[in-house]
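The values are calculated or read from the model by the stated rules, or taken from the named source; none is laboratory data. Just so it is clear, the structure is predicted and the values come from calculations on it, not from any experiment. Neighbour counts are summed over all protein chains in view; Cβ atoms, including those assigned to glycine, are modelled from backbone coordinates with ideal geometry.
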Amino acid sequence: MLLLKKLLRRYYLSKQAQTEEHADYLAKVLLTRATITLIQIALLVGFFTLWEFAAEHKIVDAFLVSRPTRVWQTVLSLHANGSLYLHVGVTSLETVIGFIGGTVIGTLLAAVLWWWPNVSRTLDPYLVVLNSLPKIALGPLFIVWLGTSPTTIVAMALAISLITTILVVHSGFQEVDPLKLKLVNSFGATKWQAFKYIVLPGSLPTILSALKVNVGLSWVGVIVGEFLVSRAGLGYLAIYGGQVLNMHLVMTSVLLLAVAAAVMYQLVVLFEKKIVAHHQ
Amino acid sequence: MTTAIRLNRVSLKYMTEKGEVHAVNSVDLAIEQGEFVGIVGPSGSGKSTLLSLIAGLLLPTSGRVEVFGQEVRGPSSQSAYMLQQDCLLEWRTIEGNALLGLEIMGRVSAEKRLTTVTLLNEYGLEEFRHLYPRQLSGGMRQRVALVRTLATEPAICLLDEPFSALDYTSRLTLQNDVSTILRKSGKTCVLVTHDIPEAIAMCDRVIVLTNRPGRVKWNLPIELSAGEKQPLLRRRAPEFGKYFNRIWEEMELSVATEKTS
């Protein structure tokens, strides 16, 4: 460790470090960052190793909790028969449609409420009630209305994110700087221009953070939807695995879901960073 | 001389659940073309309301507001605002911000664009044209706001405490710059401010309003012996302190009458 620090210090001195103390500081910063990353990796590897070890030595029952090697085998066999991509693809697509739909439709409805404040005041108590209603309870309705199709699953995802989006984005619209509105009004802006030039772009950070929340909500909606009706997808795979007591399949679906959700979230964060680069 | 702005017995009241609120009451006022007039008064005296009435953002409940002989019935391109904050849109470049007024009025053309860019250059902002507001200092941002105001070529500039958000040094510098620029352009300017020295340093005439409902209490032409127009130099004039004391006393009086009533 000490040797590493010395090496780093010498490296920084030859590069951007301004003084010896500065080089020490830079070396310390890098070492701390590297240590944290290493521990993060170690935690992941350790968890799977421990799991495998416990299953191997019958400390836990591999039939109930599965084991990493079996999960890996399941992934490989799903890959071999091609259904891996079908299940991951179906679930991801339903989720993407769900959170983009929820954000877009929610923003449009929030715009309607902004445009007609009295509509907003009239609907306020109903929105509050709908917001506190556990949307999953609507599942049976969607099945009857829409049948056992992917439409039901997307509807489930939409139902979960729509109302919060309306409320959050609408309050974002209302918090737009009144001085900026006064400014464009002094230029004779129409209501539509005020919306286009000030309200919508000014609320973009709010809309994008709603999008980020909706990614998570949409996953919940889609998985619940798949539990209820589907023939494909990771939620279907998990519930099917549970029914036939194939816990390897259940664990595999859960782990794949974790990976897919994390990737999607990171993509949205990246998108958000790109869009709101100049907003601060 | 033509009269640029004329207010004839202008009153504005609005309703609340508690009752009627008179924001300004029977204000008579005439401002000549090219004049630089300051409006001071205790807070709540309706200073900003007067500007909104001239701009056509508010319409009087009674009386008449005229700009160059025409009754004001809504916002027009003849007057433009500079507000308490620069109000630059963070998501637009400096040039995009400077063009905002023209864009909203649907008057952007290659020629106007060129004029705007020339204005930016004139105020030392050429190298920042493609940057975003957050990359500029407070003083520079307020200069961009000035360009945005001037780009629409208004005959009247309405300044609503435009320097109040700045630190003391930038405030003095910017008062000087803005005053010089606006006087050179020959525009009619109305400055609303809390800052009495600012009003004396920048204006040809200072109007003191009473407490709410605001009425014109006092009309004080500022004549400094040097005949100087630059605010920074005007502050050094020997009469500056006297003007300050007179306006201060008038305003104190307004506040005192409010307390006894």
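Any idea which residue in the stretch A:1-25 is surrounded by the most Cβ atoms within 10 Å (Cβ to Cβ), counting only those that are of a type in the set (D, E) and more than 18 Å from A:T35 (Cβ to Cβ)? Give the steps one after another, and end with the answer.
The first filter runs over the stretch A:1-25 and keeps only residues of a type in the set (D, E), leaving A:20-21, A:24.
Applying the additional criterion that residues be more than 18 Å from A:T35 (Cβ to Cβ) yields A:20-21.
Values: A:E20: 11, A:E21: 9.
Step by step, filter the stretch A:1-25, then rank; the result is A:E20.
Give the residue that is surrounded by the most Cβ atoms within 10 Å (Cβ to Cβ), with candidates limited to residues of the stretch A:168-183 that are touching a residue at least 40 places away in the same chain (Cβ under 8 Å) and among the β-branched types (V, I, T).
A:V169
If A:S186 satisfies every condition in (1) out of contact with any strand residue (DSSP E or B) (no Cβ under 7 Å at 6 or more places or on another chain); (2) surrounded by 21 or more Cβ atoms within 10 Å (Cβ to Cβ) but one, which is the exception?
For A:S186, the exception is condition (1).
In the stretch A:184-201, which residues are touching a Phe, Trp or Tyr at 6+ places or on another chain (Cβ under 8 Å) and either small (G, A, S) or within 10 Å of B:L57 (Cα to Cα) (or both)?
A:S186, A:A189
Taking the stated definitions as given, is A:L113 surrounded by 14 or more Cβ atoms within 10 Å (Cβ to Cβ), of a type in the set (A, V, I, L, M) and either at positive phi or modelled with pLDDT of 95 or more (or both)? Explain how you work it out, then say what you get.
Details: surrounded by 14 or more Cβ atoms within 10 Å (Cβ to Cβ): yes; of a type in the set (A, V, I, L, M): yes; either at positive phi or modelled with pLDDT of 95 or more (or both): yes.
Yes.
Out of everything in the stretch B:20-78 that is of a type in the set (K, R) and surrounded by fewer than 20 Cβ atoms within 10 Å (Cβ to Cβ), what residue ends up being nearest to B:I156 (Cα to Cα)?
B:R73
Just checking, does the stretch A:127-137 include any residue being buried (at least 19 other Cβ atoms within 10 Å of the Cβ) and either in a helix (DSSP H, G or I) or outside the structural domain of A:A260 (by TED's automatic domain parsing) (or both)?
Just the residues of the stretch A:127-137 that are buried (at least 19 other Cβ atoms within 10 Å of the Cβ), to begin with: A:135.
Now drop any that are not either in a helix (DSSP H, G or I) or outside the structural domain of A:A260 (by TED's automatic domain parsing) (or both), which leaves A:135.
Checking the stretch A:127-137: at least one residue is buried (at least 19 other Cβ atoms within 10 Å of the Cβ) and either in a helix (DSSP H, G or I) or outside the structural domain of A:A260 (by TED's automatic domain parsing) (or both).
Answer yes or no as to whether A:A238 is out of contact with any Pro (no Cβ under 6 Å at 6 or more places or on another chain), away from chain B (no Cβ under 14 Å) and under 21 Å from A:V112 (Cβ atoms). Spell out how you get there, then give the answer.
On the way: out of contact with any Pro (no Cβ under 6 Å at 6 or more places or on another chain): yes; away from chain B (no Cβ under 14 Å): yes; under 21 Å from A:V112 (Cβ atoms): no.
The answer is no for A:A238.
Can you confirm whether A:E226 is within 30 Å of B:R73 (Cα to Cα), of a type outside the set (F, W, Y) and away from chain B (no Cβ under 14 Å)? Before the answer, list the steps.
Working: within 30 Å of B:R73 (Cα to Cα): no; of a type outside the set (F, W, Y): yes; away from chain B (no Cβ under 14 Å): yes.
No.
Any idea which of B:V190, B:V178 is within 14 Å of chain A (Cβ to nearest Cβ) and either in contact (Cβ under 8 Å) with a residue 24 or more places away in the chain or in a loop (DSSP other than H, G, I, E, B) (or both)? Steps first, answer last, please.
Numbers: B:V178 fails: within 14 Å of chain A (Cβ to nearest Cβ).
Answer to the selection: B:V190.
Quick check: anything in the stretch B:151-164 away from chain A (no Cβ under 14 Å), closer than 11 Å to B:M82 by Cβ and touching an Asp or Glu at 6+ places or on another chain (Cβ under 8 Å)?
Looking through the stretch B:151-164, at least one residue is away from chain A (no Cβ under 14 Å), closer than 11 Å to B:M82 by Cβ and touching an Asp or Glu at 6+ places or on another chain (Cβ under 8 Å).
Mind listing whichever residues of the stretch B:121-144 are within 11 Å of another protein chain (Cβ to nearest Cβ) and surrounded by fewer than 22 Cβ atoms within 10 Å (Cβ to Cβ)?
Taking the stretch B:121-144 and keeping what is within 11 Å of another protein chain (Cβ to nearest Cβ), we get B:131-135.
Those that are within 11 Å of another protein chain (Cβ to nearest Cβ) and surrounded by fewer than 22 Cβ atoms within 10 Å (Cβ to Cβ): B:L131, B:Y132, B:R134, B:Q135.
Look at the stretch B:83-123 and say how many of its residues are out of contact with any helix residue (DSSP H, G or I) (no Cβ under 9 Å at 6 or more places or on another chain) and over 18 Å from B:C157 (Cα atoms).
Of the residues in the stretch B:83-123, the ones out of contact with any helix residue (DSSP H, G or I) (no Cβ under 9 Å at 6 or more places or on another chain) are B:105-106, B:110-111, B:114, B:118, B:121.
Adding the requirement that they be over 18 Å from B:C157 (Cα atoms) leaves B:106, B:110-111, B:114, B:118, B:121.
Counting residues in the stretch B:83-123 that are out of contact with any helix residue (DSSP H, G or I) (no Cβ under 9 Å at 6 or more places or on another chain) and over 18 Å from B:C157 (Cα atoms) gives 6.
Can we say B:A145 is assigned to a helix (DSSP H, G or I) and modelled with pLDDT of 90 or more?
Details: assigned to a helix (DSSP H, G or I): yes; modelled with pLDDT of 90 or more: yes.
Judged against the criteria, B:A145 is a match.
Looking at the stretch A:2-49, which of its residues are among the basic types (K, R) and over 30 Å from A:A258 (Cβ atoms)? Can you show your working first?
Of all residues in the stretch A:2-49, those among the basic types (K, R) come to A:5-6, A:9-10, A:15, A:28, A:33.
Those that are among the basic types (K, R) and over 30 Å from A:A258 (Cβ atoms): A:K5, A:K6, A:R9, A:R10, A:K15, A:K28.
So A:A258 passes all but one of these: (1) more than 11 Å from the chain's Cα centre (by Cα); (2) assigned to a helix (DSSP H, G or I). Which condition number does it fail?
With (1) more than 11 Å from the chain's Cα centre (by Cα); (2) assigned to a helix (DSSP H, G or I) applied to A:A258, the lone miss is (1).
Select, from A:V213, A:V184, A:V168, A:V199, the only residue that is of a type in the set (A, V, I, L, M) and facing chain B (nearest Cβ under 7 Å). Steps first, answer last, please.
Values: A:V213 fails: facing chain B (nearest Cβ under 7 Å); A:V168 fails: facing chain B (nearest Cβ under 7 Å); A:V199 fails: facing chain B (nearest Cβ under 7 Å).
Exactly one of A:V213, A:V184, A:V168, A:V199 is of a type in the set (A, V, I, L, M) and facing chain B (nearest Cβ under 7 Å), namely A:V184.
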